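Remarks on the structure that follows.
The values are calculated or read from the model by the stated rules, or taken from the named source; none is laboratory data. Small disclaimer: the values here were computed from a predicted structure and weren't measured. Cβ sites come from the backbone with ideal geometry, for glycine too, and all protein chains shown count toward neighbours. Only protein heavy atoms, including side chains, enter the accessible area calculation; ligands, DNA and RNA are left aside. Shrake-Rupley method; radii C 1.70, N 1.55, O 1.52, S 1.80 Å.
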Amino acid sequence: MTIDVLIADDQAMVRAGFGALLDAHEGIRVTGQAANGAEAVKLSARLDPDVILMDVRMPEMDGIEATKRILGPAYPAAKIPRIIMLTTFDIDDYVYDALQAGASGFLLKDALPEDLVHAVRVVAAGDALLAPSVTRRMIAQFAAQKPRVGQGAARLAELTDREREVLVLIGNGHSNSEIAASLFIAEQTVKTHVGKVLAKVGARDRVQAVIFAYDTGLVAPA
């Protein structure tokens, strides 16, 4: 299966470099490039990509607003793409806002080429790009600066005690195998619990679950 990718960045050299890199790998095809968020929204609806590499800061419309529109209820395409935010800095409050809007993760622009390819494959497969050393720290830092939202309390109450334990461990960045070892249960059982947690809290992926855990206070920033 070929992964169709749309690249949105206001720097032509970045678009060209990422495009050439991804096109050189089997199973990945760059179908479009956008110079700003407005173009990204239009091209996404027309090209129906699987993954979008979205720069955070762009003229006319930034990557956050573009992400909100593409992942919003008014989006016209039948297939909702996965969005990877591109940023120059590893701690960026704009990226936190983008993750809240539904992005599947973020990647530093100076990441290694193999990291970019891996990121595209990971999110295309339906997983979240949750870098343990960076993303958790960023989410924790900016969650501490933002007011808690009360609308998550009802969804949190739907979780069983075991599911709450699993969500806490997800919020702390543990993988399925680490959760299994911590709770002394099988990894397949963990996968079942994770699926139920995501469904109950309304999270698209693990990144969204982490944000939910912080926003509801279930996990506190260090």
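Of everything in the stretch 50-82, what is among the charged types (D, E, K, R) and out of contact with any strand residue (DSSP E or B) (no Cβ under 6 Å at 6 or more places or on another chain)? Give them in sequence order. Arg57, Glu60, Asp62, Glu65, Lys68, Arg69, Lys79 - these are the residues of the stretch 50-82 that are among the charged types (D, E, K, R) and out of contact with any strand residue (DSSP E or B) (no Cβ under 6 Å at 6 or more places or on another chain).
Scanning the stretch 86-96 turns up one or more residues that are crowded, with 21+ Cβ neighbours inside 10 Å and touching a Leu at 6+ places or on another chain (Cβ under 6 Å). Those helices (runs of 4 or more DSSP H) of the stretch 108-167 in which at least 3 residues are modelled with pLDDT of 60 or more and open to solvent by 80 Å² or more (accessible area, probe 1.4 Å), considering only elements entirely within it, cover 113-124.
Pairs are defined by a Cβ separation below 6 Å, a sequence spacing of at least 6 or placement on different chains, a first member in the stretch 196-222 that is outside any helix (DSSP H, G or I), and a second member that is charged (D, E, K, R) and modelled with pLDDT under 85; the pairs so defined are Gly217/Arg148. Would you confirm, using the coordinates I've provided, whether Ala78 is open to solvent by 10 Å² or more (accessible area, probe 1.4 Å), modelled with pLDDT under 95, within 18 Å of Thr2 (Cβ to Cβ) and not in a helix (DSSP H, G or I)? The answer is yes for Ala78. Does the stretch 30-47 contain any residue that is in contact (Cβ under 8 Å) with a residue 60 or more places away in the chain and outside any helix (DSSP H, G or I)? No, the stretch 30-47 contains no residue that is in contact (Cβ under 8 Å) with a residue 60 or more places away in the chain and outside any helix (DSSP H, G or I).
Taking the residues in the stretch 187-220 that are more than 22 Å from Ala125 (Cβ to Cβ) and more than 17 Å from the chain's Cα centre (by Cα) as candidates, determine which candidate is surrounded by the fewest Cβ atoms within 10 Å (Cβ to Cβ). Out of the qualifying residues, it is Ala220.
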